[in-house]
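Pasting a structure below so you can have a look.
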Amino acid sequence: MTEQGMTSLETPPHPSERIIGAIAGLLRNGERVATGTLSPLPAAATLLAKMTHAPDLEPLIYGDPELRLAEGFHELFALAQQGKIDVFFLSGVQIDREGNINLSVLGDYDRPAVRLPGGAGSSMLSALARRVILFTVNHNPRLFVPRVDFINATATDNVPWRRGGISHVVTPLGIMAFDAVGKRLVLEAVYTGVSLEEVARQTGFDLGIAGRDIPAVNPLRDNDLELLRGPVRRRMQEIYPLFTAALWGP
């Protein structure tokens, strides 16, 4: 067993590591980046970005024992309301071409096939954070649908208090960007080894691929993998021990 637990540097990147690397690459130096509950991938990405290209990034990782929030998650809400959150992360059981997310029901709201916990503060946070990055560990037509069954949060709307909106969606296959002019998601990049045909087949709406040059990128740069399996892993053990053990070993 190595210092990296069950995962040595010779082991090929796990899909979750590629997602972490892709999210990290979207974060900018000097941003205040907040992650909420059940968000180990963005939490690891935030740590990775700070250790690489964004040393002045300020992480606000909910559940981090080094982050002392007197009011818990309510304090993150307050910071967002004050315009002090630059980046936040959300996900959904459905995401549509307009960047709407669904966290509540599948099917009719009154008689749903599946009823879920709901959006919590996703509607507010999607409007008040300066940028929202969506992330998902799956990429299939059941998740990426033409229109969500229920809207918990939107990519953009005309409410006067909106400060920003969804900028990107990161998946196991690639990265989508929100086109503010067309008000829709478009494919920005695929990962090395992923074809445009596969992404199109696994997405339930048109990603604007036709006539555009979509690059294939490696989301893990330079020594990202070494950092993920070393110092990022050690920090993540303090915040998300079960996730860390599952991905990188004890």
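Looking for something at pLDDT below 95 and touching a strand residue (DSSP E or B) at 6+ places or on another chain (Cβ under 8 Å) - is there at least one such residue anywhere in the stretch 50-57? Please lay out each step first, then the result.
Going through the stretch 50-57, the residues at pLDDT below 95 turn out to be none.
No, the conditions are met nowhere in the stretch 50-57.
Evaluate the following for Ile151: is it under 24 Å from Ala24 (Cα atoms), touching a residue at least 12 places away in the same chain (Cβ under 8 Å) and either of a type in the set (Val, Ile, Thr) or touching a Pro at 6+ places or on another chain (Cβ under 7 Å) (or both)?
Numbers: under 24 Å from Ala24 (Cα atoms): no; touching a residue at least 12 places away in the same chain (Cβ under 8 Å): yes; either of a type in the set (Val, Ile, Thr) or touching a Pro at 6+ places or on another chain (Cβ under 7 Å) (or both): yes.
Criteria not met by Ile151.
Still on this structure, please answer the following. Scan (1) part of a strand (DSSP E or B); (2) open to solvent by 40 Å² or more (accessible area, probe 1.4 Å); (3) of a type outside the set (Lys, Arg) for the single condition Ile133 breaks and write down its number.
Status for Ile133: all satisfied but (2).
Determine, yes or no, whether Gly118 is in a loop (DSSP other than H, G, I, E, B), at pLDDT 90 or above and either small (Gly, Ala, Ser) or open to solvent by less than 30 Å² (accessible area, probe 1.4 Å) (or both).
Values: in a loop (DSSP other than H, G, I, E, B): yes; at pLDDT 90 or above: no; either small (Gly, Ala, Ser) or open to solvent by less than 30 Å² (accessible area, probe 1.4 Å) (or both): yes.
The answer is no for Gly118.
Just one of Asn223, Asn218 is under 20 Å from the mean Cα position of the chain (by Cα) and polar (S, T, N, Q); which is it? Step through it out loud before you land on a result.
Working: Asn223 fails: under 20 Å from the mean Cα position of the chain (by Cα).
So the residue among Asn223, Asn218 that is under 20 Å from the mean Cα position of the chain (by Cα) and polar (S, T, N, Q) is Asn218.
Sticking with this structure for a sec: Just need a number here: residues in the stretch 176-205 that are within 21 Å of the chain's Cα centre (by Cα), of a type outside the set (A, V, I, L, M, F, W, C) and more than 22 Å from Pro15 (Cβ to Cβ).
Total meeting the criteria: 3.
Taking the stretch 21-40, which residues are under 15 Å from His168 (Cα atoms) and in contact with a strand residue (DSSP E or B) (Cβ under 9 Å, 6 or more places away or on another chain)? Full working, then the answer.
So the first thing to find is which residues in the stretch 21-40 are under 15 Å from His168 (Cα atoms), and the list is 21-28, 33.
Selection gives Ala22, Ile23, Gly25, Leu26, Leu27, Arg28, Val33.
The values are calculated or read from the model by the stated rules, or taken from the named source; none is laboratory data. Owing to the predicted nature of the structure, the values given are computational and were not obtained by experimental measurement. Neighbour counts are summed over all protein chains in view; Cβ atoms, including those assigned to glycine, are modelled from backbone coordinates with ideal geometry. We work out accessible area using only protein heavy atoms, side chains counted, and drop any ligands, DNA or RNA first. Shrake-Rupley method; radii C 1.70, N 1.55, O 1.52, S 1.80 Å.
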